[in-house]
Amino acid sequence: MNYSEQKIIKAFQLYTKLARDGVADREAVQLYRADDEIRGLLEMFSQEVDAVVISTSEQLFLVPKTKLSFFHVSNDWIKKNFLRSSSTNGDIYLLYFSTIILFGSFYDTYQSNEPTRQFIRLDEWIRFIQERIDQLKSHDEEELKEVEKEFSYNWRLIIEKWDDMDDIKETVKKQSGNTISRLSFIDTVKRFLLSQQLIQEIGNDEITLTEKAKTIIQRFFMEIEYNKGILEFIYGFDRRDERASH
Amino acid sequence: MDKHELKEITSGYRERMRRLALFDPLFELDRKRETDINQNTIDMKGLGLLSLLFFFENKLLRQYKTGVKELASFLKSLVSSQYVLNDASYERLARTIIQTFRPTTGRKRDYSYFNWEEQREQFIEYSILKANAFDLKTNTQYYTLDEDGLELVFATKEFYSEFQLSINQLMLRKQLDKGEFKGALRQINEMRIDVESLEERMNKLKHEIQRSIVSEETFERYKQLLEDIYGRLIREDEEFKELRQFVKETRERLFSKDIHKKEVKTYELIVKITGELESVHYDHSRLLDKTLSMKNTTLLAAQESLYYTGIQSFNFDQDIVSKIVSTPLPMDAMKGVLHPFLQVEQNVQWSPLTVFAEQNISEEREEKVEQSFLSVLDEEPNLPYRNWLKAKFKELMQYYLLAFEEEKISTLTQFMDYLDRNSLSSIYEQRYFYDFWIILHQRSPIVNGELDEEEGKTLLGDAISLLETKILVIQEGNEIINRYSRYSIQDMEITLEEN
C-alpha cells in the first residue's frame, strides 16, 4: 500500500511520542481513530518493536508485548531507580512476584470484570504473598531443584529472600527505606508501582489500583488474542513441548 | 396464576433486594453489643444512622476532612447526655461504625440472596463510605459517603436518589413560594450534592465503558443507559431554567417592594440563592455536555474494541497468579506478565555532536552583584525627605551608641527594650527604624570610612561617622520581633568592637 509522505510523518510523530512516554493524549486518540492509514502505520510500527497499541477514548497506550521487545525496562533500570544498591535479581523477581499477587487480589473472581475490592492494606498484601510462598514451598524441594537446573528457574531464591526477612524490624521506627523487613520491602514495591502510576495511596496504609492499571488488565489481559493460554503467549513458551524435546 | 402474572410479580427483584441490602450494615451494627459505663446498652443502629447523616451534612457543607476524630466528637456532643462514656470509647465507637460501613479488608460489602426472577443465587456489592483524602503527616484518613451511602440516606427519607434532584427542585420552588429562603438555600446545597454524585457516577460509567465492553449486549445496555441519563438530564435542565426564571422574578418582586431596604437579611439570602443556583445549574449543564460526548465518542470507541475483547470473565488470581505458582513457571513468565504495566524504557544518549555545539558563555565576575533592598544611593532630588531620613538615621545611631554605653545591649530586642524604658517606643513605630537595621545588616561589618559613604552626602554617612574607630557587626538572631503591629523584623545580634 502506498502512503503519502504526510501520513507517514504524522504516524511517525505519534509513534515517537508513544515510544517516549508510553502514552498519548486525546488528540492522538482522535487521529488514531479517524485515519485508517495512520492507524495501520502505527500498528505496523509497534509490531516491529513488539509492542501493542491499546486505545481508550481518552488515551493511547503503547504496551510492550513479549520478552523480545526492547521497550521493556531493564532489570538494571529498576535496580538503579528503586532498589537498594546491594540488591540482586532475586529482589527484582520478588518485586514482580508481589506485584502480580497484588493484581490478583483485586481480580479474583469470574463473576465480574470489575475488581472485587476497593483497596488493600499493606499488611494484607504481605499476608497474600505469604500464602503464595507457602504454596510454592509445598512443591517438592527436589523437584524444584530439578526444574531449576533444567530451565534456570529461580523459585527457591524468591522463597529464600522472603523467608529471610522479618515481618517488621522492631528496632526501627519507620518501616520504609533501607531496613530489611517485609514491610519495608513492600514499601519499596509500593513506591515502584506508584511511580508507574499503577496504584494510588489513599492513606491509612491502604492502596488502590489506578485507572491505568485497570485499563491494561481489562483491555490487555482480557483481549482474546492474548488471553488464550495467556502465559504461553506472553512467555512464548510451552512447557510440555520443551520437556518432551529434552 | 398463570406464568405471565408470576413474571410481573418478580420483575425488578434485584433492584428491590439491592435496596434492602443497603440496610444491612445498620442491622449489623444493631447486633453489636456495646454498653456504656453503667451497663446501658448503646443504640448502635441509631448511632450508625446518625453517623451517615453526619457525613451527609458534612458533604452538604463541603467539609471534606471528616475522619474518625470528627465523628467521635460529633457522637460525643450528641449522646453524652444519654450515655456515660469516656473519650477513648467514643473514638472506638466511631471506628466500629466506620469499619462496619467500610470493611477494612478492602472488599466491598456484599449481600447474597436468591434471585427468584432469574432463579439463581446472586450477590450484590455496595459501598457506603469511601476514603476521600488523607493527611500524610498524621496518617489520618478522611471519609465521605459513597454512592450507595447517599442512596441509603435518601432511602430513610422515603425517596430514592435518582429522583432526588427533581424532588429538590420541586421543594425549592415550594420554599421560594412560601418565602422560606433559608430552607431554600439548604435545598440548593443538597442539589449540589446530587449533581456531584451524578458526576461521579458518570465518571465511573465512563471508565467502565472504556475498560470493558465485552459484548454487543452490554454495548446496547450502556447505550440505553446513556440515553436514559441524557433524557433525565434534559428534563432537569429545563426545570433548572424555569427555577432560575422563578428566582429572578422573586427577586425582582422583593426589589420592587423595597424589601431590600427593610429586610436586608432576606434580600441577602435571595441574592445568595441566585448565585448558588446559577453555579449548580452550570455544573449540571456541564454534565449534559459530558453525556453527549460520552454518547458520541466513548461509546463508539468502546464499540470498536468489541472486535478485540472477547472474553466474558477473567480471573487474574486464578488464571495468572495460581498458574505461575502451581506449575511453577520460569521467572521470565512473570516478567512477561508484568511488562505491559510498566512504562516503556527510554534510553538517553549523549551525542558526540554536542562537542561542537554552541557553548554557554557566562561572564566571570570577581564579585557578585549585591542585591539591594533599599537603594540608599538613589540620586533622587527628593531632598527634604532625604535630609530628614539622614537626620533620623543619625539620631538612631546616637541612641544605639548611648544604649550600648549605658547597658551593653547586644541584641535588637534589648535595644527596643531600652527605647521602651526611655519612653522612646514611638521610634520603632516608624518604618525608617526597620530600614536602618536592615541596611546595616546587609553591610555588616561596618567600619567607618570603608564603605563609600562620604559624610554628608549619603543617607547613612552621618550615622556611620559616629562610630569613629569602632566596628559594628550585625548578625541574624533567631526570633521574629513583632512589637508593633505594622512591622516585624528578625532579631539581630549587635556587637561593637574596637578596631
With the checklist (1) touching a helix residue (DSSP H, G or I) at 6+ places or on another chain (Cβ under 9 Å); (2) open to solvent by less than 70 Å² (accessible area, probe 1.4 Å); (3) within 26 Å of residue B:282 (Cα to Cα) in hand, flag the one item residue B:219 doesn't pass. (3)
Report yes if some residue within the stretch A:9-28 is within 11 Å of chain B (Cβ to nearest Cβ), within 21 Å of residue B:297 (Cα to Cα) and either within 22 Å of the chain's Cα centre (by Cα) or outside any loop (DSSP other than H, G, I, E, B) (or both); otherwise report no. yes
Looking at A:106, A:71, which one is within 15 Å of the chain's Cα centre (by Cα), at the interface with another protein chain (Cβ under 9 Å from one of its Cβ atoms) and open to solvent by less than 10 Å² (accessible area, probe 1.4 Å)? A:106
Name the residues in the stretch B:196-216 that are open to solvent by less than 10 Å² (accessible area, probe 1.4 Å) and closer than 30 Å to residue B:61 by Cα, would you? B:202
Scan the stretch B:87-97 and tell me whether some residue there is within 29 Å of the chain's Cα centre (by Cα), among the β-branched types (Val, Ile, Thr) and within 27 Å of residue B:124 (Cα to Cα). yes
Are any residues in the stretch B:321-337 at pLDDT 80 or above and either more than 18 Å from residue A:133 (Cα to Cα) or facing another protein chain (nearest Cβ under 7 Å) (or both), and if so, which ones? B:321
The conditions are (1) modelled with pLDDT under 80; (2) closer than 18 Å to residue B:15 by Cβ; (3) not in a loop (DSSP other than H, G, I, E, B), and residue B:148 fails exactly one of them. Which is it? (1)
Just to be sure before I move on: is residue A:95 in a helix (DSSP H, G or I) and open to solvent by less than 80 Å² (accessible area, probe 1.4 Å) in the structure I sent? yes
Can we say residue A:116 is of a type outside the set (A, V, I, L, M, F, W, C), farther than 30 Å from residue B:125 by Cβ, modelled with pLDDT of 80 or more and open to solvent by less than 30 Å² (accessible area, probe 1.4 Å)? no
Out of B:209, B:229, B:234, I need the residue that is out of contact with any Lys or Arg (no Cβ under 7 Å at 6 or more places or on another chain), part of a helix (DSSP H, G or I), within 14 Å of chain A (Cβ to nearest Cβ) and of a type in the set (A, V, I, L, M). Which one? B:209
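Rundown of residues vs (1) surrounded by fewer than 21 Cβ atoms within 10 Å (Cβ to Cβ); (2) under 30 Å from residue B:9 (Cα atoms), yes/no style:
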| residue | (1), (2) |
| --- | --- |
| B:69 | yes, no |
| B:79 | yes, no |
| B:93 | no, no |
| B:103 | yes, no |
| B:110 | yes, yes |
| B:115 | yes, yes |
Considering only residues that are within 10 Å of another protein chain (Cβ to nearest Cβ), part of a helix (DSSP H, G or I) and surrounded by fewer than 20 Cβ atoms within 10 Å (Cβ to Cβ), which ones fall in the stretch A:193-202? A:195
In the stretch A:29-61, anything farther than 16 Å from residue A:72 by Cα and not in a helix (DSSP H, G or I) is listed as A:35, A:54, A:55, A:56, A:57, A:58, A:59, A:60
Out of (1) surrounded by fewer than 16 Cβ atoms within 10 Å (Cβ to Cβ); (2) within 14 Å of chain A (Cβ to nearest Cβ); (3) at pLDDT 85 or above, what's the single condition that is false for residue B:142? (1)
May I ask you to verify whether residue A:57 is assigned by the TED database to the domain that holds residue A:195, touching a helix residue (DSSP H, G or I) at 6+ places or on another chain (Cβ under 9 Å) and among the small types (Gly, Ala, Ser)? no
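The values are calculated or read from the model by the stated rules, or taken from the named source; none is laboratory data. Note that the structure is a prediction, hence the values are computed from the model and not measured. Ideal geometry is used to build each Cβ from the backbone, glycine not excepted, and the neighbour counts take in all protein chains shown. Accessible surface areas use protein heavy atoms only, side chains included; no ligands, DNA or RNA. Shrake-Rupley method; radii C 1.70, N 1.55, O 1.52, S 1.80 Å.
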